[in-house]
Amino acid sequence: METRVAVISIILENSNSVEEVNKLISDYSDYVVGRMGIPYKKRGISIISVVMDAPQDVISSFSGKLGKLDAVSAKTAYSKYVFNE
């Protein structure tokens, strides 16, 4: 199985989607290497970075589901190296 390492940057523009984002991260926890969340109180937003090691289609699925959530923006950066397991 080929996997890639990716970081997904997530911006939550309000707190309404926090539960849904956390559930998605939990659903994909087998592929999550780590996560970091930063509440930016001055702007009323939250910023989350999620590092994944997963097949390309799994990363795309996760990112796509995040992008469909209300008031959530997500962008993915992929490593160039493909790992074979």
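Quick look at the values:
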| quantity | calculated |
| --- | --- |
| GLU13 being touching a Leu at 6+ places or on another chain (Cβ under 6 Å) and either in contact (Cβ under 8 Å) with a residue 60 or more places away in the chain or at negative phi (or both) | no |
| Verdict on TYR78 being modelled with pLDDT of 95 or more and surrounded by fewer than 17 Cβ atoms within 10 Å (Cβ to Cβ) | yes |
| Enumeration of residues in segment 18-60 that are of a type in the set (S, T, N, Q) and either loosely packed, with under 13 Cβ neighbours inside 10 Å or touching a residue at least 24 places away in the same chain (Cβ under 8 Å) (or both) | SER26, SER29, SER46, SER49, GLN56 |
| Segment 60-85, residues that are of a type in the set (Phe, Trp, Tyr) and in a strand (DSSP E or B) | TYR78, PHE83 |
| Qualifying residues in segment 62-75 (those that are loosely packed, with under 15 Cβ neighbours inside 10 Å and small (Gly, Ala, Ser)) - the one farthest from LEU12 (Cα to Cα) | GLY64 |
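The values are calculated or read from the model by the stated rules, or taken from the named source; none is laboratory data. Source: prediction; values computed, not measured. All Cβ positions, glycine included, derive from the backbone under ideal geometry; neighbour counts span all protein chains shown.
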